[in-house]
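This report concerns only the one structure given below.
The values are calculated or read from the model by the stated rules, or taken from the named source; none is laboratory data. None of the values given here were measured: they were computed from a predicted structure. FYI the Cβ positions are ideal-geometry reconstructions off the backbone, even for glycines, and counts take in every protein chain you see. Remember, those area values only see protein heavy atoms, side chains included, never the ligands or the DNA or RNA. Shrake-Rupley method; radii C 1.70, N 1.55, O 1.52, S 1.80 Å.
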Amino acid sequence: MGVVDELVEAGQAIWVADLHRGLLEAGGLERLVRARRVTGAVLGPTVLERAVAAGLHDDALAAWRDEGIDDPAELARALVVADAGAAAETLAPAYESPAGATGWVCVAPAAGPGGDDDDVLDAARDARAAAGRPNVMVELPSGIAGLDAALEQLAAEGVPVCVAPVCVPARAVALATSWQRGLARRADAGMSPDVALLLAVPAGRIDAAVAPPVGELAAAAGPAVALGIRRAVDEVLAGDRRGDPGATRPVWVAFTDLLPPDGTAGDADLLAPLAVPDTVAVLAAGHLEAVAGLDGAGTRRPAPDDADSVLAAVRAAGVDLDRVLADLERDATERTGWARARLLDAVTTRVERLGAPLPRPRERLAAVAGPTAAAHADLVAARALDRMWNRDHRLWQDDPTEVRDRLGWLLSPAQMEMQLPELERLVDEVLGDGLTDVVLMGMGGSSLFPEVLARTFGVADDRLRLHVLDTTDPAAVRRTGEELDLDRTLFVASSKSGSTIETTSQLAYFWERVRRPDRFVAVTDAGSPLADRATRDRFRRLYLNRADIGGRYSALSWFGLVPAALIGVDVEELLARAGRMLLACGPGAGPDAPGLRLGAAMGAAARAGRDKLTLVLPAEVETFGLWLEQLVAESTGKHGRGVLPVVGEPVGDLSVYGADRLFVAYGAGRTRLDELAAAGHPVLDLPWWGDPLDLGAEVVRWEVATAVAGAVLGSNPFDQPDVAAAKEATARVLEAGVPAIEPEPLDRLLGQVRPGDYLAIQAYVDPRSDLVARLERARVALRDELGVATTLGLGPRFLHSTGQLHKGGPPTGVFVQVVGDDPEDVPIPGRPYGFATLKQAQAAGDLEALRARGLRAARV
């Protein structure tokens, strides 16, 4: 039996946490009811704001605007009423059954209650009356003034209420007691006392708040608090059940804000604490899809004693649990107020943009329009997005290996939103210690998005300056150590495997020089050598990433967000915008889902021979191409096919392009792109509003699109079968000694370039060398002379980026290797060689790997 089925059979109701217009219009809610046993839904201001910002309500807003309705508060109220009414109708059959806490739509008033009793009552009454449905429940924040008296009155009036969040058992008892008094008044008046009160316990936020000191035990802390609250409430209500024996319980407890599981074999175990009878589990639609196929394997039902022992262990680990729970309740009202304010801002902004140019992608696909339309139709018919969220590996391949356990990036933004307090604590600590700089030691997926953030946002006032060290060039390593005040520097070692040779070498070098554990942070997977090292040497922090996130999909996880927070990026807003795009590409999304359309175009164009994805990015986020390059190349370049991302190449004249390009540009108004489109080159314009924080949304768009393109190409976008070749060759060279490699004349290599090829310049040089700019100019000149796509990659960075496509993609690459001189080496502690030898070995090993595949490659 599946784990969701076991939860329901155990007596727990399943509600979807993120009801939005996309789910309603595409029939997603009906499918969740039918296929996932969902019997309730929550419509909150945060999700509604994201749906509005994602454009899912544009038609309704345009219609109301045309009718003369322009007040944001009135428009927001109308949106709540419309969505709540539609959801209530879908859930009506469940509400009419005697099955318990089923059939409800929980809605938060669009306008927040004020500080007195009348405001609370009026807001609740208005939301309930406006919806006009008996199965609509009104959500009120637990921290508002006058709530106890308001609950008694609302119970007497028969208005169902959800109070969120409730963390402290004593508070839950007080609320239940007030509700009980109202029900007694109602019964004395001869009316049915079966009016529902839902106490929402933020189990996931409780888990996140206690996680750093208690480790794996945190997964049970939130459910244990919820179980204790339910027990306390039961004691209050014992012996005072009014109504028919089969009637709804007057007070229910819901587990909300649930942390997504980590995608490993332990998923069902992590969900086991939720199998509590007479409760509600509130899960996001994507989370529900991700766990739907898991085997429950006899899901454990916790007993009250289990909860007591869990909470005792949490306290024994040094957590002031009473303070944590009180803080969560206190912060709830403020957070709810912010969410409502953001909703009104989103409505205002969206209405203003309804008439703006290019609100949607503009597709001028010319020769690939037909293939793109066919690929898109196939993806829609195959329910590609739903299957992706459901971890259905058959969308890509028959074997589930490196598919089912590589889709955690879909859930990571929601998980990381709950970790914002921990990121704030880290920043406060290091600033309090007087630190001014942070060195990130990582490669590929561990370093590229932090590099994008550093170059895009710089550093905020009173935050740390970020220095990304993703090279083995000895001059770069030495300069980093000499230019910084190491006593005021934080070192972040980032590696999913925890054994990346570049990162472990850099860590060894700076550990030898600093030797202060409080100056080191590790980001890695559980059980990795780096995790063991951080634990053994007592690093300031060890952040364990979700095991089911591959490196190139890790931008919106600990790997990207720890450095983001340290330099002062608005991580909360970055994640909020990612959340908007996730809604637009989520379960039940329609055929116009942004990632779906982009992925169909990428995949179809590549199949039609237009496999050079040429990116034209706005100046303010130009370095976003560094991250996109790895994501697209490493995900698609295998089995002799793939998409080559071309970044940093300025748009040229018509004469320099062959029939192998797909241009993707942000924003409109580029004359040369218009000329290219007029000449028959496919051009896809994506909307851009000029705000770098939109990178949060664009990360999600491209992750979804790249996964979709993999389905179109018939390949697994989550593995990297050829990356190991260069690593193994490097190891052989280090063992045997770096060989003498004779350079070849450049003309001889260029003479092998044919139409449809691409020229890849691979430069093992100091990233801050003047040579880099000279190579960029040479690259453009060669593009113009040869009429082929060109790329420039710095080694060994590109080995973790485009290296997979170079070896596993189409055999159309011509590889020009440039290796800088290293007049002075820098020793690597604990190794018999230095950074210069390592760099030279990596260059020699990669050249060997390219030639072993019969590819055209030479050092020049």
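Out of all the residues in the stretch 711-758, which are assigned to a helix (DSSP H, G or I) and either of a type in the set (D, E, K, R) or in contact with an Asp or Glu (Cβ under 7 Å, 6 or more places away or on another chain) (or both)?
Listed by number, the residues that qualify are 726, 727, 728, 729, 732, 735, 747, 748.
Look through the stretch 305-327, keep the residues that are in contact (Cβ under 8 Å) with a residue 60 or more places away in the chain and not in a helix (DSSP H, G or I), and return whichever of them is nearest to residue 228 (Cα to Cα).
319
Okay, residues lined up against (1) at pLDDT below 90; (2) assigned to a loop (DSSP other than H, G, I, E, B); (3) of a type in the set (Val, Ile, Thr); (4) in contact with a helix residue (DSSP H, G or I) (Cβ under 6 Å, 6 or more places away or on another chain):
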| position | (1), (2), (3), (4) |
| --- | --- |
| 184 | no, no, no, no |
| 216 | yes, no, no, no |
| 230 | yes, no, no, no |
| 235 | yes, no, no, no |
| 241 | yes, yes, no, no |
| 247 | yes, yes, no, no |
| 263 | yes, yes, no, yes |
| 288 | yes, no, no, yes |
| 297 | yes, yes, no, yes |
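Of all residues in the stretch 617-631, which are within 12 Å of residue 664 (Cα to Cα) and out of contact with any Leu (no Cβ under 7 Å at 6 or more places or on another chain)?
The answer is 617, 618.
Within the stretch 5-34, can you find the residues that are part of a helix (DSSP H, G or I) and open to solvent by 10 Å² or more (accessible area, probe 1.4 Å)?
Within the stretch 5-34, 5, 6, 8, 9, 21, 22, 24, 25, 30, 31, 33, 34 meet the criteria.
Condition test on residue 92, is it touching a residue at least 40 places away in the same chain (Cβ under 8 Å) and crowded, with 17+ Cβ neighbours inside 10 Å?
So residue 92 fails the test.
Just name the residue that is nearest to residue 438 (Cα to Cα) out of those in the stretch 566-604 that are surrounded by 23 or more Cβ atoms within 10 Å (Cβ to Cβ), among the small types (Gly, Ala, Ser) and modelled with pLDDT under 95.
Looking at residues that are surrounded by 23 or more Cβ atoms within 10 Å (Cβ to Cβ), among the small types (Gly, Ala, Ser) and modelled with pLDDT under 95, I get 579.
Check the stretch 697-716 and report whether any residue there is under 30 Å from residue 831 (Cβ atoms) and touching a Gly at 6+ places or on another chain (Cβ under 8 Å).
No, that holds for no residue.
Any idea which of (1) within 26 Å of residue 210 (Cβ to Cβ); (2) open to solvent by less than 50 Å² (accessible area, probe 1.4 Å) is the one residue 551 doesn't satisfy?
If we test residue 551 against (1) within 26 Å of residue 210 (Cβ to Cβ); (2) open to solvent by less than 50 Å² (accessible area, probe 1.4 Å), just (1) comes out false.
When residues of the stretch 751-793 are filtered for being open to solvent by 30 Å² or more (accessible area, probe 1.4 Å) and of a type in the set (Asp, Glu), how many remain?
Going through the stretch 751-793 one residue at a time, the tally reaches 4.
Go through the stretch 654-679 and report how many residues are touching a residue at least 40 places away in the same chain (Cβ under 8 Å) and of a type outside the set (Phe, Trp, Tyr).
Result for the stretch 654-679: 14.
Among (1) in a helix (DSSP H, G or I); (2) within 22 Å of the chain's Cα centre (by Cα), where does residue 475 come up short?
(2)
Which of the residues that make up the stretch 100-122 are out of contact with any Asp or Glu (no Cβ under 9 Å at 6 or more places or on another chain), at pLDDT below 70 and of a type outside the set (Gly, Ala, Ser)?
Listed by number, the residues that qualify are 116, 117, 118, 119, 120.
So which residues in the stretch 608-647 are touching a residue at least 60 places away in the same chain (Cβ under 8 Å), of a type in the set (A, V, I, L, M, F, W, C) and touching a strand residue (DSSP E or B) at 6+ places or on another chain (Cβ under 7 Å), if there are any at all?
If the condition is that a residue be touching a residue at least 60 places away in the same chain (Cβ under 8 Å), of a type in the set (A, V, I, L, M, F, W, C) and touching a strand residue (DSSP E or B) at 6+ places or on another chain (Cβ under 7 Å), then 628, 632, 633, 643, 644, 646, 647 are the ones that fit.
List the pairs whose first member sits in the stretch 364-377 and is modelled with pLDDT of 95 or more, whose second member is of a type outside the set (Lys, Arg) and open to solvent by 30 Å² or more (accessible area, probe 1.4 Å), and whose Cβ atoms are under 8 Å apart, counting only residues at least 6 apart or on separate chains?
Short answer, once both residue conditions are applied: 368/608; 369/363; 371/608; 372/363; 376/591.
Please enumerate the residues belonging to the stretch 186-211 that are assigned to a helix (DSSP H, G or I) and within 23 Å of residue 135 (Cβ to Cβ).
186, 187, listed by residue number.
Within the stretch 138-153, work out how many residues are over 14 Å from residue 122 (Cα atoms) and of a type in the set (S, T, N, Q).
Here the count works out to 1.
Considering only residues that are outside any helix (DSSP H, G or I) and either among the charged types (D, E, K, R) or under 17 Å from residue 554 (Cβ atoms) (or both), which ones fall in the stretch 688-710?
691
Filter the stretch 160-187 down to the residues that are farther than 17 Å from residue 335 by Cβ and open to solvent by less than 10 Å² (accessible area, probe 1.4 Å), then identify the one that is farthest from the chain's Cα centre (by Cα).
Step by step, filter the stretch 160-187, then rank; the result is 182.
Among the residues of the stretch 807-853 satisfying the criterion of being closer than 22 Å to residue 507 by Cβ and among the aromatic types (Phe, Trp, Tyr), which is most open to solvent (accessible area, probe 1.4 Å)?
Only one residue fits best here, namely 833.
Just to be sure, is residue 650 in contact (Cβ under 8 Å) with a residue 60 or more places away in the chain and in contact with a strand residue (DSSP E or B) (Cβ under 8 Å, 6 or more places away or on another chain)?
no
Please indicate, with yes or no, whether at least one residue in the stretch 799-806 is open to solvent by 60 Å² or more (accessible area, probe 1.4 Å), in a helix (DSSP H, G or I) and within 27 Å of residue 655 (Cβ to Cβ).
Checking the stretch 799-806: not a single residue is open to solvent by 60 Å² or more (accessible area, probe 1.4 Å), in a helix (DSSP H, G or I) and within 27 Å of residue 655 (Cβ to Cβ).
Hey, among the residues in the stretch 56-71 that are assigned to a helix (DSSP H, G or I) and within 26 Å of residue 594 (Cα to Cα), which one's least open to solvent (accessible area, probe 1.4 Å)?
Filtering the stretch 56-71 for residues that are assigned to a helix (DSSP H, G or I) and within 26 Å of residue 594 (Cα to Cα), the one least open to solvent (accessible area, probe 1.4 Å) comes out as 61.
Residues checked against (1) over 26 Å from residue 764 (Cα atoms); (2) open to solvent by 10 Å² or more (accessible area, probe 1.4 Å); (3) in contact (Cβ under 8 Å) with a residue 40 or more places away in the chain:
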position	(1), (2), (3)
383	yes, yes, no
395	yes, yes, yes
409	yes, no, yes
412	yes, no, yes
420	yes, yes, yes
423	yes, no, yes
477	no, no, yes
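Check whether at least one residue in the stretch 608-629 is open to solvent by 10 Å² or more (accessible area, probe 1.4 Å) and over 30 Å from residue 774 (Cα atoms), and report yes or no.
yes
So which of 426, 440, 435 is farther than 30 Å from residue 292 by Cβ, assigned to a helix (DSSP H, G or I) and modelled with pLDDT of 95 or more?
Residue meeting the stated conditions: 426.
Among the residues of the stretch 445-466, are any in contact (Cβ under 8 Å) with a residue 40 or more places away in the chain, assigned to a strand (DSSP E or B) and closer than 23 Å to residue 542 by Cβ?
Scanning the stretch 445-466 turns up at least one residue that is in contact (Cβ under 8 Å) with a residue 40 or more places away in the chain, assigned to a strand (DSSP E or B) and closer than 23 Å to residue 542 by Cβ.
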